[in-house]
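First up is the structure itself, then whatever we jot down about it.
FYI, it's all coordinate maths here, none of it is from the lab. From a predicted model like this one, the values you see are computed outputs, not experimental measurements. Neighbour counts are summed over all protein chains in view; Cβ atoms, including those assigned to glycine, are modelled from backbone coordinates with ideal geometry.
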Amino acid sequence: MPWLHRIFDRINLFLKSIIHLLYPDICLHCHRELTIKTPFLCYACLSKVEFVKWRKQEVHHLLEQAMTEAKVAESCVLFSFERNSPVQTILHEIKYKFNRSAAIYFGAMLGRQYSGLHTKADFEVLLPVPVHHYKKYDRGYNQSELIAMGIKSATGTPVDRQILKKTKNTKSQTKLSKAARKENTMGTFSVSDQIKNYKAIAIVDDVITTGATLNSICEVLIEKNKNVQITIFSLAIANT
Ligand SMILES: [Zn+2]
């Protein structure tokens, strides 16, 4: 009975979050006690994390397709993603385990890194990559909105949750091939006319795996506002 499993999963997650509230000083990845005050990851796991050092106005090669059609000014990414790494644990916690504070914390870290390179933000508004409303209802939140709130705390730019919408409830992308991902994301996003009010916007995602999602969002954005300048934020990017 799948519904019974879902109830057990929810109870299990609820208990885990209570334990985490009572004992917050446990590393998310290795579950050892945090001896040095680093939030979420212990010093040993943190030292395994590969940070991406992007340069101002540099765009990652996974977003080259988007760049040929849209004005992508810069891609800002915090971590390089590898399977079974502490970064995968962080992303899993944020996406599936209701760890809202980690999403905001690492979003703020990304925002501070951006602010260190720019005297002021090169965009007027942050647009989180949307999830379909069924999924948001099921999960209770959209992780990209929380990451965007973290970025906002560093850059001061507002977050708009209405401009980008997901109109098709797509399959999970994790097990799809590159070509299947592209097909899976085609025609899934819509953009409201409010986009015409902006000259420069930023899109916020949790992880870039092939770039298919962001490429298709850029396509629909420029259909409505062909001159809009786009900055891309993501907590992580696949190590390719
Ligand atoms: Zn650890």
| Sequence of Asp160, Asp9 once ranked by neighbouring C-beta atoms within 10 Å, starting from the fewest | Asp9, Asp160
| message | Using 0.36 nm times the number of residues separating Glu69 and Asp193, minus their current alpha carbon distance, what extension gain do you get? | response | 42.7 nm
| field | region 49-238: radius of gyration and largest Cα-Cα distance (Dmax), Å | value | 15.1, 42
| query | How high is the FRET efficiency from His31 to Arg139, r the C-beta distance, R0 25 Å, rounded to 0.05? | reply | 0.60
| remark: So, with points 7 Å from each Cα along the Cβ direction, the Glu50-Lys165 label distance in nm works out to 4.0 nm
| note | Amide H contacts under 5 Å for Cys76, restricted to residues at least 5 apart in sequence or on another chain and with H modeled in the peptide plane, are Ile232, Phe233, Ser234
| Near Ser85, within a Cβ-to-Cβ distance under 12 Å, what is the net charge of the other residues, with Lys and Arg +1 and Asp and Glu -1? | 0
| What is the spin-label model distance, in nm, from Arg112 to Asn239 if the labels are put 7 Å beyond Cα along the C-beta direction? | 2.4 nm
| query | What chymotrypsin sites (Phe, Trp or Tyr not before Pro) in region 53-149 are in a loop by DSSP, with at most 16 other Cβ atoms within 10 Å of the Cβ? | reply | Tyr141
| request: Quick one: what are the phi-derived ³J(HN,Hα) couplings along region 38-49, Karplus 6.51/-1.76/1.60 with θ = phi - 60°, whole Hz, x for glycine and proline? | output: 10, x, 6, 10, 6, 4, 5, 5, 4, 5, 8, 6
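Loop only by DSSP, 10 or fewer other Cβ within 10 Å of the Cβ. Give me the trypsin sites (Lys or Arg not before Pro) in region 102-146 that pass, ordered by residue number. Please list the in-between numbers first.
Values: sites: Arg112, Lys120, Lys135, Lys136, Arg139; in loops: Lys120.
Loop-located and lightly packed - Lys120.
Nearest 0.05, what FRET efficiency do Leu4 and Tyr96 give at R0 = 22 Å with Cβ-Cβ as r? Write down the numbers at each step before the final one.
Details: r = 19 Å, r/R0 = 0.86.
Plugging the Cβ-Cβ distance into 1/(1 + (r/R0)^6) gives 0.70.
So, counting K/R as plus one and D/E as minus one, what does the shell of residues with Cβ under 10 Å around Phe189 add up to?
Details: positive: Lys165, Lys166, Lys168; negative: Glu219.
Neighbourhood net charge equals +2.
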| query | Amide H to amide H, which residues 5 or more places from Ile208 or on other chains are under 5 Å from it, using H placed in the peptide plane? | reply | Ala236, Ile237, Ala238
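With a sphere of radius 10 Å drawn around the Cβ of Ile232, what net charge do the other residues whose Cβ falls strictly inside it have (Lys, Arg +1; Asp, Glu -1)?
Values: positive: none; negative: Glu74, Asp205.
So the environment of Ile232 carries a net charge of -2.
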